[in-house]
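Working notes, beginning with the structure itself.
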Amino acid sequence: MDTDVIIVGAGAAGLAAAKELARLGLACTLIEGSHRIGGRASSTEIAPGVWFDMGCAWLVGGATNPFVTIADDLGIRLSKDKSAVFELPNYRFQRNRLPLTPAEREACLRYCDDSYAAILASVKASRDVAIGDVIDVSHEFAPPFMDGVAVGWGLDVDRVSTADFASSEGELGYQAYSGFGNLVAAWGADVAVTLNTRAEKITQTPQGVTVETSKGTINGRAVILTVSTGMLASGEIRFVPELPDWKTMAITGLPMGTENKIGLHFDTDVFGSEGRGHYSTWNDDGTAAKIDVSVMGFNKAVIFVGGRSAIALEEMGPTAMQDYAVDRVADLFGNDIRKHVDHSITTAWSIDPWTRGSWACAQPGQAHQRANLARPVEDRLFFAGEATASGAQGTCHGAYESGIRAAREAARHLTMVT
Ligand SMILES: Cc1cc2nc3c(=O)[nH]c(=O)nc-3n(C[C@H](O)[C@H](O)[C@H](O)COP(=O)(O)OP(=O)(O)OC[C@H]3O[C@@H](n4cnc5c(N)ncnc54)[C@H](O)[C@@H]3O)c2cc1C
């Protein structure tokens, strides 16, 4: 036997599982298909000294997020004093290039409250239906709410489960000045990872499991799979025997949503201290975005698009995405900002070969599938990753906690059978 546990995927879940197994005294081999650790936690320098997170950026929940202690221990600076900016009551709403009047703003926030209440009522009545079935989608202030669902869940309101939505915990929280992706990479740097090694086939054997990879076969007593539901659904990893129906149904009930981001950097402070904030902007022509404008003081705006429009923009390509983003920032700050854009970055998560989307989102009626996705198969195949979390689903800390959970489950089983 080569190892006790083979872990597939070195994102937050896989790294946390490896650390937990080491703490419990078990050997593991962690393989990662791509050239780097972190998975959907990945930071890129958009301009010298200015970081842009391609994936996770917020330490959701703020002080309670486990990555806060990790950052503090590593001496990594967080924007702890800025978190209130990202709370709904502090959003800046703008329609057709004009800020809402105080009365409109009040009506908009009331609509959001009423929509949340309708979602919670459906869950209380044990009706796990589409959000679009319980909110007033034709309301004057439906566009920013529906855009918020598409950005936050990666699917549009007709495809998001009310129960899944209601179970999600935590406000947007803090960001790391040097990038959440860099924080995860720094925390995971002490874990031994075999990079550029793709799992292709997983076979259960009387002794445990074999994982056939692009670089050879590894034998272990158990495996922890941390890949996204997009990867599990793609069929790129074959299972022998095939996964049971209940597991396949869990995977298909939790398809990947898409949120894409466009980062724009400006050659001067086009926003001023008054302009910094988190914006929700929409126009009658159907264009909309959530925009994080220079909250941490850099000359940077991050434009968020979600759901069908995120995929449509992605298909049009990076130049179209950048133009869309510049248009939305110009909606807020005027056309003069256009000439100050000096760097940009776009994401394309729906076609990312290692995830096939941004995060998993439960289809209407399928919120219960997260528990099934997390359930082991035959005490040999253990499952972790953001999609298996309940409450912190779709987040980096949810992935981290799921890795610890799966490591403990595997350890409990292996200790019992020793
Ligand atoms: C645009 C975007 C914005 C986000 N914003 C936030 C946010 O603000 N806050 C937050 O908390 N979360 C956010 N998230 C979600 C967060 O990034 C993820 O939930 C989390 O990073 C997932 O970690 P994971 O370990 O479950 O999966 P991953 O990070 O996807 O790790 C799985 C790993 O498996 C590897 N892999 C895949 N297939 C194979 C294979 N066959 N063999 C070997 N390796 C394989 C992948 O390369 C990957 O490294 C965001 C995500 C996106 C995309």
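Criterion first (modelled with pLDDT of 95 or more and within 27 Å of Gln369 (Cα to Cα)) does Val149 satisfy it? Yes: the conditions hold for Val149.
Filtered by the rule that a residue be within 10 Å of the ligand (Cβ to nearest atom) and in a strand (DSSP E or B), the stretch 216-238 gives a lone residue, Leu225. Evaluating Gly62 against the criteria (1) within 25 Å of Arg328 (Cα to Cα); (2) modelled with pLDDT under 95; (3) surrounded by 17 or more Cβ atoms within 10 Å (Cβ to Cβ) leaves one unmet condition, (1). Here the helices (runs of 4 or more DSSP H) wholly within the stretch 96-210 that include at least 2 residues being closer than 30 Å to Gly75 by Cα are 180-188. Of all residue pairs spaced 6 or more apart or on separate chains, those with beta-carbon atoms under 6 Å, a first member in the stretch 23-44 that is touching a residue at least 12 places away in the same chain (Cβ under 8 Å) and of a type in the set (A, V, I, L, M) and a second member that is within 12 Å of the ligand (Cβ to nearest atom) and in a loop (DSSP other than H, G, I, E, B) are Leu30/Ala10; Ile31/Thr197; Ile37/Ala10; Ala41/Gly55; Ala41/Cys56.
Screening the candidates Trp349, Trp354 for the property of being buried (at least 24 other Cβ atoms within 10 Å of the Cβ), on the phi < 0 side of the Ramachandran plot and either under 24 Å from the mean Cα position of the chain (by Cα) or within 16 Å of the ligand (Cβ to nearest atom) (or both) yields one hit, Trp349.
The combined condition, being touching a strand residue (DSSP E or B) at 6+ places or on another chain (Cβ under 7 Å) and in contact (Cβ under 8 Å) with a residue 12 or more places away in the chain, is fulfilled by Thr226. Quick one: would you say His278 is under 20 Å from the mean Cα position of the chain (by Cα), touching a residue at least 40 places away in the same chain (Cβ under 8 Å), over 30 Å from Arg375 (Cα atoms) and assigned to a strand (DSSP E or B)? Yes.
For the stretch 212-251, the set of residues classified as surrounded by fewer than 24 Cβ atoms within 10 Å (Cβ to Cβ) and either under 18 Å from the mean Cα position of the chain (by Cα) or acidic (Asp, Glu) (or both) consists of Glu212, Ala233, Glu236, Glu242, Asp245, Ile251, listed by residue number. Which one of these is among the small types (Gly, Ala, Ser), in contact with a helix residue (DSSP H, G or I) (Cβ under 8 Å, 6 or more places away or on another chain) and part of a helix (DSSP H, G or I): Ala250, Ala312, Ala289? Within the list Ala250, Ala312, Ala289, the selection yields Ala250.
Residue by residue, here is whether (1) surrounded by fewer than 19 Cβ atoms within 10 Å (Cβ to Cβ); (2) of a type in the set (S, T, N, Q); (3) within 10 Å of the ligand (Cβ to nearest atom) holds:
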site	(1), (2), (3)
Ala367	no, no, no
Arg370	no, no, no
Arg375	yes, no, no
Glu378	yes, no, no
Glu386	no, no, yes
Ala389	no, no, yes
Arg408	yes, no, no
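The values are calculated or read from the model by the stated rules, or taken from the named source; none is laboratory data. Keep in mind that this is a model prediction, so the values were computed, not measured. Neighbour counts are summed over all protein chains in view; Cβ atoms, including those assigned to glycine, are modelled from backbone coordinates with ideal geometry.
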